[in-house]
There are 2 protein chains.
Amino acid sequence: MRDVPFARRPITINPVNSPTSGQCEDCDARHVGLCDALSDEDIGFLARVAQRVVIPAGKTFIEEGDPASHFYDVNQGNVRVFKSLADGRRQVTGFMGVGDFLGLAVSAQYAFSAEAITDVNLCRFERAPLLQVFAEFPALERKLLDVATHEMVIAQEQMLLLGRKTAIERVTSFLMSWLERSEPFPVGASKPAAAKLSLPMSRTDLADYLGLTIETVSRSFSQLKRDGLIAFTDVHEVTLLKPQRVAALTAGDR
Amino acid sequence: MRDVPFARRPITINPVNSPTSGQCEDCDARHVGLCDALSDEDIGFLARVAQRVVIPAGKTFIEEGDPASHFYDVNQGNVRVFKSLADGRRQVTGFMGVGDFLGLAVSAQYAFSAEAITDVNLCRFERAPLLQVFAEFPALERKLLDVATHEMVIAQEQMLLLGRKTAIERVTSFLMSWLERSEPFPVGASKPAAAKLSLPMSRTDLADYLGLTIETVSRSFSQLKRDGLIAFTDVHEVTLLKPQRVAALTAGDR
DNA sequence: GCAGCGGCTTGCGCTAAATCAAAGCAGAGA
DNA sequence: TCTCTGCTTTGATTTAGCGCAAGCCGCTGC
């Protein structure tokens, strides 16, 4: 949303190329999407039902209630997934980033909307053919089940946050989980002394994710600043000065 | 599920009752568990990894953080699924009833606890062997993916409720969704003039499910009573006198 | 029958967060 | 450079829902 003169740039769609190479070059080693469930030579089959899509920041590319035609792998950028009420109240159910899979919470229609926060690169799979491919490669289906399982865990965690945590607990919980996502390989038990985090989403997104108002989110951040636990270099870049003490405010599980 | 229930073969591992009859009388025609993904003769294979379990009301049978050893199908009674914080705050993430599947929101450990609300009959499947069976019967895995998908939709709906709805919207939303679960076959578009609902869970459960206090739940019910929209014959039995008008208070989706 | 107990309801302040309002602030365009 | 615009922060006030406390209601056991 920030660097957005291109809010009207079109969505581009391309075939996934180089099935011959056996590599989907959009998917890097840390990709947790569909690709890493397959061997190199099998990825070519996946490419048969895949397209690459580029979404400009701010664009809605999944609309709640529309027929659920595609799955998506996020290859670049960040996405907000949300539901909304008739009067405009909005609940962001998740932020998706590189390697995340999109399109499981679905019956015949999408149960959610999705918008690009930054410019976003996606791999798009048509649902029907993909379900065919499952028959050939059960590993894919297993992968999807694993993804769904993991999403359920996160969803329940979020319900706990939304139903029972205070404002500061919500904000610190978010910071710690976002830290974890940003550092997929924590390496050892020791938390670093400080960690810099990019927060691509707006305060409004954050508020709608945490079930708060932007003012309350802002005030919570300010309090954490005052207490010397975090610092902002930019509105969208926070440093956890005392990760331990931030973590202590999350009212962790159990 | 189909007319023919769980097993044409005896349940071999822990036959609680009537294996000789060749029928799992616990699974009635409306069962939406694992069984209905399989043909009659294949169900026998499922039985290889199944046990029947009876849980008395109030008993905790899944403890958050314990190694995730089993899946469960609910065959009788009601279950509350929840997470809790160190200080005792609790979030009920769902109420499970006949036909519901339990145990997906799991990594190596259970991410939730589960307790019997009423006396409960379960079919229990060991995870490891069940995953083996998947190889033989991919339909099972597909079924599980469908279940997970459906759970995701419900979870997101609940996040919207917890993050953005008012007390009365939460209570009426619950009533309408519980009504839907209780009447799996709505038959035609017309809502009945009145519908009687059994609410097996306590007010505390309800409060912890809706992210409210018992007092607020009670007050919301009282207001709906005052407005002539519902009536209680018993604390655990409510009648929706004006389902339409109750539905109008839910702040429905989109 | 009735005393005790656990769960539910009701009344009454109280408070965390929402709402309303007014500045800051930084990037985009002229 | 300066202004405009959209986002963010901060302050003042309001309020929906909380927390406490008292009373109620229906069961259980004596």
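Descriptive notes on the structure:
- Extension gain (nm, one decimal) between B:K196 and B:R245, 0.36 nm per residue minus Cα-Cα: 16.1 nm
- Nearest-first distances (nm) between copies at A:G88, label 7 Å from Cα via Cβ: 4.2
- Over segment A:189-245, relative contact order from alpha-carbon pairs under 8 Å, at least 6 apart, %: 46
- Cβ-derived FRET efficiency at R0 25 Å, B:Q109 paired with A:R226, nearest 0.05: 0.10
- Inter-label distance for B:D87 and B:E136, nm, one decimal - labels placed 7 Å from Cα along Cα-to-Cβ: 5.1
- Burial here means at least 50 square angstrom less accessible surface with every protein chain in place than with the chain by itself, probed at 1.4 Å; in segment B:55-85 the buried residues are B:E64, B:K83, B:L85.
- Accessible surface of B:S222 - all protein chains present, 1.4 Å probe, nearest 10 Å²: 40
- Placing a label point 7 Å from the Cα of A:T204 along the Cα-to-Cβ line, the residues of segment A:76-96 whose backbone N sits under 19 Å from it are A:78-96.
- Which listed pairs, of A:K143/B:K143; A:K83/B:K83; A:K59/B:K165; A:K196/A:K225; B:K83/B:K143, have C-alpha distances above 18 Å, in listed order: A:K83/B:K83; A:K59/B:K165; B:K83/B:K143
- This model, with +1 at the C-beta of Lys and Arg and -1 at the C-beta of Asp and Glu, gives segment A:166-248 a dipole about its Cα centre of some 280 debye.
- With the label put 7 angstrom out from Cα along the Cα-to-Cβ vector, A:A193 ends up 7.6 nm from the copy partners, going from closest to farthest.
- 1.4 Å probe accessible area per residue over segment A:166-248, in Å²: 49
- Listing of segment B:224-254 residues, each with accessible area lower by at least 10 Å² in the full protein assembly than in the chain alone (probe 1.4 Å): B:A251, B:G252, B:D253, B:R254
- Take A:T239, push a point 7 Å out from Cα through the beta-carbon direction, and compare it with the same point in every other copy: 6.7 nm, smallest first.
- Alpha carbon centroid spacing (whole Å) that separates segment A:111-149 from segment A:52-106: 12
The values are calculated or read from the model by the stated rules, or taken from the named source; none is laboratory data. All of these numbers come straight from a predicted model, not from anything done at the bench. Here Cβ is always computed from backbone atoms with ideal geometry, including for glycine, and neighbour counts include all displayed protein chains. We work out accessible area using only protein heavy atoms, side chains counted, and drop any ligands, DNA or RNA first. Shrake-Rupley method; radii C 1.70, N 1.55, O 1.52, S 1.80 Å.
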